[in-house]
Amino acid sequence: MTTMTRIFNFSAGPAVLPLEVLEQAQRDLLSLPGVGMSILEISHRSKPFDEVIEGCEADLRALAGIPDGYHVLFLQGGASLQFSMVPMNLLTPGQTADYIVTGAWSQKAVKEAKRVGGVKIAATTEPKFTRVPAQRELTLDPNAAYVHYTTNNTIFGTEFHYVPDAGPVPLVADTSSDMFSGPIDVSKFALIYAGAQKNLAPAGLTLVIVRDDMLARTPSTLPTMLQYGVHVENKSMYNTPPVFAIYIMRLVLAWLVKQGGLAAIEAQNARKADKIYAEIDRTEFYRGHAEKDSRSRMNVTFRLPTEELEKKFANEATAAGLDGLKGHRSVGGMRASIYNAFPEAGVDALTQFMREFERKNG
Ligand code: PMP
């Protein structure tokens with residue numbers, strides 16, 4: 001049905017969405033079946049939209065096995081607003097919060113928390129951020145208001161392959177770039193947030209999953225729109241939610257179910273990432289940025305022998321239909337972002353390109 005050619009899109013986010021999701025959105029764009037209006041034109045207070053947002057929440061709960069006692073919120077402002085909302089709501093006066101610092105996004109989260117209250121750095125892997133710390137390296141304060149960490153470091157290509165044990169202290173996670181890349185045990189967390197534009201939906205939507213007991217901490221002086229409790233009470237419709245992004249998320253979740261759920265998508269993701277890492281490990285020509293134990297399955301970062309070759313690699317890859325491989329400026333080199341919807345055929349095309357490029361330039 002799609003007549004145009006689609007390239008392989010390795011962008012870190014906004015990122016590739018499943019083709020069949022785009023096709024369905026295209027089919028239904030002028031009129032949602034049985035509704036006679038576009039999702040772009042519909043009232044968020046209408047019955048058809050109720051069905052979309054409620055279905056989205058039900059699918060999220062079923063896919064991730066979200067226990068009762070957790071609220072699911074569809075917010076705006078990106079993960080970046082959560083850097084502020086988390087401490088504004090959870091960092092009770094007189095307490096400090098523990099932050100595990102594993103990259104630029106953790107650093108930004110720390111910066112915002114410090115505007116609100118006291119922060120302790122429980123561990124940091126700066127300045128190079130080639131790995132995440134092990135549990136034994138964490139200096140956790142048993143009296144902390146919460147522990148915050150970033151599950152996957154989009155820029156550096158590192159990922160936690162365990163959930164830190166914070167004991168009784170509430171655990172908060174920024175899962176923006178690996179949410180639903182595999183199963184997640186929500187019961188280990190007090191709050192999970194994710195900007196949706198990598199694995200879940202287009203930009204403009206932020207998913208928050210918050211445990212009910214966290215809501216009591218919010219100071220009553222906090223502006224209304226920043227209070228989690230207000231969004232819980234109003235079922236994410238205190239104001240107009242991003243209806244289109246929520247609709248797309250619903251389609252993405254249906255696609256995920258069709259893939260076999262989170263365990264199945266995790267196996268696919270592992271296979272895709274392993275193929276690129278195998279290519280990196282095969283030769284000295286490519287050097288992975290992340291230490292092996294900390295390698296991300298979502299963002300694979302690697303360098304070439306010179307910056308000149310890196311530029312050439314990026315240019316030639318783009319010309320070959322492999323787009324978005326230039327790494328973040330703070331790391332340099334290449335970054336292949338291979339989220340859930342990124343096709344395995346694109347990974348095969350990349351590894352073949354890597355081999356060919358090395359043969360010509362190595
Ligand atoms: N956290 C992580 C791990 C990210 O990758 C990003 C975006 N790349 C952000 C936070 C910021 O997200 P947003 O742009 O939605 O504010």
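Values in this text are rule-based calculations from the coordinates and carry no lab data. Quick caveat: nothing in here was measured; it's all calculated off a predicted structure. Note that we place each Cβ from the backbone using ideal geometry, even for glycine, and neighbour counts take in every protein chain shown.
If one computes P(r) from the Cα atoms of the stretch 33-120, what percent of pairs lie at distances over 19 Å?
Numbers: 2277 of 3828 pairs.
Tail fraction, whole percent: 59.
Rank the residues 160, 342 as a footprinting-exposure proxy: fewest other Cβ atoms within 10 Å of their Cβ go first. Before the final figure, lay out each step's value.
On the way: 160 21, 342 25.
In increasing order of surrounding Cβ atoms, one gets 160, 342.
What is the dipole size for the chain, taken about its Cα centre, with +1 at each Lys and Arg Cβ and -1 at each Asp and Glu Cβ, in debye to the nearest 20?
Details: 37 positive and 39 negative charges, 145 e Å.
Here the chain has a charge dipole of around 700 debye.
Quick one: divide the alpha-carbon radius of gyration of the stretch 49-171 by 2.2 N^0.38 Å and tell me what you get.
Normalised Cα radius of gyration, the stretch 49-171: 1.15.
Which residue, 181, 84, 43, has the most motion in a Gaussian network model of the chain that connects Cα atoms within less than 10 Å?
Top of the fluctuation ranking is 43.
With bins 5 Å wide starting at 0, give me the P(r) of the stretch 110-251 over every alpha carbon pair, in whole percents.
Calculated over all Cα pairs of the stretch 110-251, the distribution is 2, 8, 16, 20, 21, 17, 10, 6, 1 percent.
Give me the one-decimal nm value for the distance between modelled label points at residue 68 and residue 38, 7 Å along each residue's Cα-to-Cβ direction.
The answer from the label model is 4.2 nm.
Only counting other Cβ atoms within 10 Å, I'd like 106, 296 sorted with the fewest neighbours first. Mind showing how you got there, number by number?
On the way: 106 24, 296 28.
Least crowded to most crowded, the residues run 106, 296.
What do you get when you divide the Cα radius of gyration of the chain by 2.2 N^0.38 Å, with N the number of residues?
Details: Rg = 20.9 Å, N = 362, 2.2 N^0.38 = 20.6 Å.
Compared with the compact-globule rule of thumb, the chain sits at 1.01.
Could you give me D for the stretch 260-361, from Stokes-Einstein at 20 °C and 1.002 mPa s, where the hydrodynamic radius is the Kirkwood radius over C-alpha pairs? Units µm² s⁻¹, please.
155 µm²/s
Rounded to the nearest 500, what is the chain's calculated 222 nm mean residue ellipticity when only DSSP H runs of at least 4 contribute -39500 (n - 2.57) each, over all residues?
Computed ellipticity for the chain at 222 nm equals -11500 deg cm²/dmol.
At 0.36 nm per residue, minus the direct Cα-Cα distance, what do residue 5 and residue 226 gain on full extension? Give it in nm, one decimal, please.
Once the chain is fully extended between residue 5 and residue 226, it gains 75.3 nm.
Once the other residues with Cβ under 14 Å from the Cβ of residue 198 are scored (Lys, Arg +1; Asp, Glu -1), what is the net sum?
Net of charged neighbours comes to -1.
Taking the chain as a Gaussian network, Cα atoms linked when under 10 Å apart, which of 40, 63, 75 shows the biggest mean-square fluctuation?
So, out of 40, 63, 75, the one fluctuating most is 40.
Looking at the chain, send over the antiparallel percent of its DSSP beta bridges, to the nearest 5.
Expressed as a percentage, antiparallel bridges in the chain total about 55.
Sticking with the crude label model, points 7 Å out along Cα→Cβ, report the distance from residue 92 to residue 330 in nm, one decimal please.
3.2 nm
Could you list 151, 96 in order of exposure, starting from the residue whose Cβ has the fewest other Cβ atoms within 10 Å?
By the 10 Å Cβ count, ascending, the order reads 96, 151.
Kindly count the pairs of lysines across the stretch 23-259 whose alpha carbons are less than 30 Å apart, treating pairs on different chains or eight or more residues apart as eligible.
So the count of such lysine pairs works out to 28.
Quick check: net charge around residue 271, other residues with Cβ under 12 Å of its Cβ, Lys/Arg +1 and Asp/Glu -1?
Charge balance near residue 271 sits at -1.
Return the single residue from 81, 256, 32 with maximal mean-square fluctuation; model: Gaussian network over the chain, springs between Cα atoms under 10 Å.
For the chain, modelled as a Gaussian network with Cα springs under 10 Å, the answer is 32.
Quick check: the distance between the Cα centres of the stretch 62-111 and the stretch 312-356, to the nearest angstrom?
So the separation of the two Cα centres works out to 31 Å.
Which residues among the stretch 37-70 fall inside the zone where the amide N is under 12 Å from a point 7 Å beyond the Cα of residue 237, along Cα→Cβ?
Residues passing the 12 Å test: 43-55.
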